[in-house]
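Undergrad: Just passing along the structure, written as structure tokens.
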Amino acid sequence: MYQIMIVDDEPEVLDTLENYIQEANLGFHVVAKALGGEEALFFLDIINPEVIITDIKMPVLDGLHMLSRMQNMGWNGYAVLISGYDEFEYAQQAIRLNVYDYLLKPIFPDDIVNVLKGIREHYRQKEAQIDLMRMALEANIYDNRFPEKENLLPDYIIKAKTYIEEHYDGPLTLVEVAEYVAVSPGHLSSQFAKYCKKTFVEYLTSVRLRRAKELLVQSSLQIQRIAQRVGYNDVSYFNRVFRRETGQSPGSFRKIFWEIASRRVGRDSAATLE
């Protein structure tokens, strides 16, 4: 069952959309009906819906600015915009916000059915990756610490790696690390790539993402907080880096991990009963 929040400043519209979603019977459940963008932000502190369907034109906080703030808070689900204004500027902003679909009023039941079918298919494709993720997680790939034979590395490389492990959560730079290990930045850069098979930035990113994955599966911290804890003040940039390196958004990674964990617990419980 996928959770949906619907947002509009007209109660009648909220009720109509809820009825359309229920009648579609596609495995989606309305968990919140927000009367405007500010109320939707309040709900987001309590729930984390997979889908948000929102009107654009609302007083105080419109749908576009609301979604932008939600994404900055770490929400990365599917957004569907509804508007009575067929204006290109809205479509452009929707693209920048990575909105899944854009519907024009009046909205009919078939419009909702088609959108929900598309979103459900996207989720099924993601769920098809669960087995691959399970194999990776069980092999501890997500906790890969790149265990080179430390005794074969120069002392300053070992020292640099240790410094990165201890200071990855701040605005770490090559110049700072080079100064700490007492070599020039250029020399550290070339030798780091030689011995570690990664550039300084690539290695720093791998350390940060390893820690981020640990926090995603070992805590309930919001993604924005996790991003900050591993050295990314811009959660949108963190999301892009995470997706580029793993092929998953942080939210999807967390969800898939816990799906695997819950299935494993179910299997273990069943085996115990037998």
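The values are calculated or read from the model by the stated rules, or taken from the named source; none is laboratory data. Here the structure is a predicted model, which is why all the values come from computation and not from measurement. Here Cβ is always computed from backbone atoms with ideal geometry, including for glycine, and neighbour counts include all displayed protein chains.
Undergrad: Restricting attention to segment 241-274, report how many residues are part of a helix (DSSP H, G or I), exposed (fewer than 13 other Cβ atoms within 10 Å of the Cβ) and modelled with pLDDT of 80 or more.
TA: Of the residues in that region, 1 qualify.
Undergrad: Is it the case that Tyr180 is assigned to a helix (DSSP H, G or I), surrounded by 14 or more Cβ atoms within 10 Å (Cβ to Cβ) and in contact with a Cys (Cβ under 6 Å, 6 or more places away or on another chain)?
TA: Numbers: assigned to a helix (DSSP H, G or I): yes; surrounded by 14 or more Cβ atoms within 10 Å (Cβ to Cβ): yes; in contact with a Cys (Cβ under 6 Å, 6 or more places away or on another chain): no.
For Tyr180, the condition - assigned to a helix (DSSP H, G or I), surrounded by 14 or more Cβ atoms within 10 Å (Cβ to Cβ) and in contact with a Cys (Cβ under 6 Å, 6 or more places away or on another chain) - is not met.
For (1) more than 19 Å from Lys255 (Cβ to Cβ); (2) touching a strand residue (DSSP E or B) at 6+ places or on another chain (Cβ under 7 Å), each residue gets a yes or a no:
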position: Ile4; (1), (2): no, yes
position: Asp8; (1), (2): yes, yes
position: Pro11; (1), (2): yes, no
position: Leu14; (1), (2): yes, yes
position: Tyr20; (1), (2): yes, no
position: Ala24; (1), (2): yes, no
position: Leu44; (1), (2): no, no
position: Thr54; (1), (2): yes, yes
position: Asp62; (1), (2): yes, no
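Undergrad: Return yes or no: is Lys57 among the basic types (Lys, Arg) and buried (at least 18 other Cβ atoms within 10 Å of the Cβ)?
TA: Numbers: among the basic types (Lys, Arg): yes; buried (at least 18 other Cβ atoms within 10 Å of the Cβ): no.
When the stated conditions are applied, Lys57 does not pass them.
Undergrad: Can you list the helices (runs of 4 or more DSSP H) lying wholly within segment 1-91 that have 2 or more residues being farther than 19 Å from Tyr102 by Cα, of a type outside the set (Ser, Thr, Tyr) and touching a residue at least 24 places away in the same chain (Cβ under 8 Å)?
TA: Details: elements: 11-24, 37-44, 63-72.
Correct list: 11-24, 37-44.
Undergrad: Only one of these conditions is not met by Met133: (1) within 25 Å of Leu17 (Cα to Cα); (2) at pLDDT below 85; (3) under 27 Å from the mean Cα position of the chain (by Cα). Which number is it?
TA: (1)
Undergrad: Looking only at residues that are farther than 29 Å from Ile256 by Cα and touching a helix residue (DSSP H, G or I) at 6+ places or on another chain (Cβ under 9 Å) in segment 66-88, which one is surrounded by the most Cβ atoms within 10 Å (Cβ to Cβ)? Lay out the reasoning, then the answer.
TA: From segment 66-88, those farther than 29 Å from Ile256 by Cα are 82-88; that's our starting set.
Restricting the remaining residues to those that are touching a helix residue (DSSP H, G or I) at 6+ places or on another chain (Cβ under 9 Å) gives 82-83.
On the way: Ile82: 23, Ser83: 20.
Across segment 66-88, the extreme among qualifying residues is Ile82.
Quick grid of which residues meet (1) more than 21 Å from Lys105 (Cα to Cα); (2) modelled with pLDDT under 90:
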residue	(1), (2)
Glu39	yes, no
Phe42	yes, no
Pro49	yes, no
Thr54	no, no
Met58	no, no
Gly63	no, no
Met70	yes, no
Asp86	no, yes
Tyr90	no, yes
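Undergrad: Would segment 172-191 turn up any residue that is in contact (Cβ under 8 Å) with a residue 40 or more places away in the chain and closer than 24 Å to Asn233 by Cα?
TA: Within segment 172-191, the first condition is being in contact (Cβ under 8 Å) with a residue 40 or more places away in the chain, and the residues that meet it are 172.
Then keep just the ones that are closer than 24 Å to Asn233 by Cα; that gives 172.
Yes: one or more hits.
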